[in-house]
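To keep things clear, I will list the structure first and then write my remarks on it.
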Amino acid sequence: MTQPSGTVGAALAGTGAALGVLPLGTLNHFAKDLGIPLELEAAAGNLLSGQIVRVDVGEVNGRVFLNNSSLGLYPRVIRQREITREQLGWGKWPAFVWASLVMPRRYPLLEVCLRVRGTRMRRRTPFIFVGNNEYQIEGFDLGARQRLDGGHLSFYIARDVRRLGLLRLAVRALTRRLRDEKGFRRVVSRRSRH
C-alpha cells in the first residue's frame, strides 16, 4: 500500500529529509511538475541519480499538503471516480467523466471564510481548491505548474452555482475562457516562509 505524498510530506516537512517520489498517482501532476519520469523503472532510477529540489508545503485547516488540498465537490468526485474504477474496472478518464456527471446531482454548498492578502472573503461555494503555487486552469494542460517553490498558494473558488453552472465552468476551462467567468474566482497569495 502506498502512502499519499501529503501524509509523508507532512511528517518530513521542515526536517531537511528528502522525499522520494514515484509516479503512482492517478494523474501524477506532482511528479510531472518536478520533471520526474512517469515510467516506474526510470522514476526509481531517478531516486538514485536525480537532484534534490526544495518544494513548498501548504496547510489547510491544520493539514499539511505538498500538491493541493480541496474541500467540497472535487474530493467527492475523486472518491466516486475511485469507487467506479474499483467496481466496474473502468480506466481513470471514463470513471472521472462518469463521477463528474453523477456527483453534481447532489452536493452541499460550503460556507467558507478566507483571509487572503489581509482581506477577508466569505463565499458560498460547491468547492474550494487550494494549490501549492499557481496551477494552469485553462486548456488541455490543465493542472500543470511552472514551479513548486514560488512561495504562493493559489485558491480556486466557484460561486454558488448549480449543475449547469459547473458544466459551464468546465467548458470555459477547456476553451481557455475561465479567467473571464464571473462565477469563478482565482486568488494567488504570497505566503510566509518559516
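Between Arg122 and Val188, take the C-beta separation as r, use R0 = 22 Å, and let me know the FRET efficiency to the nearest 0.05.
It comes out at approximately 0.70.
Compute the relative contact order of the chain as a whole-number percentage, counting only Cα pairs closer than 8 Å that sit 6 or more residues apart in sequence.
Here the relative contact order equals 17 percent.
Ignoring everything except DSSP H segments at least 4 long, calculate the 222 nm mean residue ellipticity for the chain; use -39,500 (n - 2.57) per segment, divide by total residues, nearest 500.
It lands at -9500 deg cm²/dmol.
Please report the relative contact order for region 5-57, taking Cα pairs under 8 Å with a sequence separation of at least 6, and give it as a percent rounded to a whole number.
Relative contact order for region 5-57 comes out at 28 percent.
Taking only the Cα atoms of the chain, how large is their convex hull per residue, in Å³?
Expressed per residue, the convex hull around the Cα atoms of the chain is 135 Å³.
From the C-alpha coordinates alone, can you work out the Kirkwood hydrodynamic radius of region 5-57, in Å?
By the Kirkwood definition, the hydrodynamic radius is 11.7 Å.
Values quoted throughout were computed directly from the atomic coordinates according to the rules given, and no laboratory measurement underlies them. Source: prediction; values computed, not measured. Don't worry about glycine lacking a Cβ; one is built from the backbone with ideal geometry, like all the others, and counts go over all protein chains shown.
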